[in-house]
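The values are calculated or read from the model by the stated rules, or taken from the named source; none is laboratory data. The structure presented is a predicted model; accordingly, all values stated were derived computationally and were not measured. Cβ: placed from backbone, ideal geometry, glycine included. Neighbour counts: every protein chain shown. These accessible areas exclude ligands, DNA and RNA; they are computed on the full protein's heavy atoms, side chains included. Shrake-Rupley method; radii C 1.70, N 1.55, O 1.52, S 1.80 Å.
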Amino acid sequence: MPLTPAKRHYQKATAQDEAASAADPAVPTNANQYELMLMQLAEHKRRLKQIQSVEQKATVKQKILSEYEAYIDGVMLADTGSQDDVLMTVMVWRIDAGDLTGALVIGDYALNHGLKTPEQYKRTTATLLAEEVAEVALRTPEKVSAEMLLQTEVLTHDHDMVDQVRAKLHKAIGVKLTDSDKTTAIEHLERALELNKNSGVKKMIEALKRDLKNQ
């Protein structure tokens, strides 16, 4: 059920107030509201588990994500940096639903505060962001702008991750910039090749260099 404006305001204000008033940053700061949102999250997970189609799951996530917006806004306004599995799950769901801009907003906050992804995702926050954004860009390039990819690279640049994942992000950036900035595209593709010899970018690099030479 969609939230009414009054309910949305209450949820945002409560999340912010409870987060700001907590003393221990190692404990979810907005305990009461947090527990309510965890219950809602569990119910939505059960609903999603019953759906086999990945495409249909993404459609459902697009619809239910609005029910978390006020809570997310409140937590981020409080800016306590406490671990929050609701926040981190919403970050992942925003990627799945195609809202990469919204996911990167949470990603920036999460990386600044050292927040971890929920156990089920089995990847660090930086690794998950880099890999998921890159995969969306390589699979459906029209859904990801060069700015989003470059922002992802900046956010995750100083965080440890396996070379293959970082290579995938550089490849995605290189592919995206192929038409608009061949020189920079080559730089990213060559970096992808350095990190992963099997990244599949050699022919792209050769083609781009030929194009530049002909120009």
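Restricting to segment 118-139, and then to whatever is polar (S, T, N, Q) and at pLDDT 95 or above, can you tell me which residue is farthest from residue 181 (Cα to Cα)?
124
How many of the residues making up segment 121-135 are charged (D, E, K, R) and part of a helix (DSSP H, G or I)?
So the count comes out to 3.
Could you pull out the residue among 207, 185 that is closer than 18 Å to residue 146 by Cβ and part of a helix (DSSP H, G or I)?
The unique qualifying residue is 185.
Which residues, taken from segment 166-192, are out of contact with any Gly (no Cβ under 9 Å at 6 or more places or on another chain) and open to solvent by 10 Å² or more (accessible area, probe 1.4 Å)?
Result: 166, 168, 170, 175, 176, 177, 178, 179, 180, 181, 182, 183.
Filter segment 99-108 for residues that are open to solvent by 30 Å² or more (accessible area, probe 1.4 Å) and either of a type in the set (Val, Ile, Thr) or under 16 Å from residue 89 (Cβ atoms) (or both) and give the result.
99, 101, 105
With respect to residue 162, determine if the residue is farther than 29 Å from residue 44 by Cβ and open to solvent by 10 Å² or more (accessible area, probe 1.4 Å).
So residue 162 fits the description; yes.
Look at segment 109-123 and say how many of its residues are over 14 Å from residue 91 (Cα atoms) and open to solvent by less than 20 Å² (accessible area, probe 1.4 Å).
Count: 0.
Sort through 179, 160 and tell me the only one that's out of contact with any Lys or Arg (no Cβ under 7 Å at 6 or more places or on another chain), modelled with pLDDT under 95, over 27 Å from residue 49 (Cα atoms) and not in a helix (DSSP H, G or I).
179
Does residue 53 satisfy the criteria of being under 20 Å from residue 121 (Cα atoms) and loosely packed, with under 15 Cβ neighbours inside 10 Å?
yes
Kindly indicate the residue of segment 60-97 that is under 17 Å from the mean Cα position of the chain (by Cα) and open to solvent by 50 Å² or more (accessible area, probe 1.4 Å) and also farthest from residue 120 (Cα to Cα) among those meeting that condition.
Step by step, filter segment 60-97, then rank; the result is 73.
Inspect segment 114-133 for any residue being more than 11 Å from the chain's Cα centre (by Cα), of a type in the set (A, V, I, L, M) and closer than 30 Å to residue 35 by Cα and give the result as yes or no.
Yes, the conditions are met somewhere in segment 114-133.
Given (1) farther than 19 Å from residue 97 by Cβ; (2) open to solvent by less than 70 Å² (accessible area, probe 1.4 Å); (3) of a type outside the set (A, V, I, L, M, F, W, C); (4) part of a helix (DSSP H, G or I), where does residue 199 come up short, assuming only one miss?
Unmet condition: (4).
Name the residues in segment 124-139 that are crowded, with 19+ Cβ neighbours inside 10 Å, more than 16 Å from residue 161 (Cα to Cα) and of a type outside the set (Val, Ile, Thr), would you?
137
If you take the residues of segment 140-152 that are open to solvent by 30 Å² or more (accessible area, probe 1.4 Å) and in a helix (DSSP H, G or I), which of them is farthest from residue 126 (Cα to Cα)?
Checked segment 140-152; the qualifying residue farthest from residue 126 (Cα to Cα) is 142.
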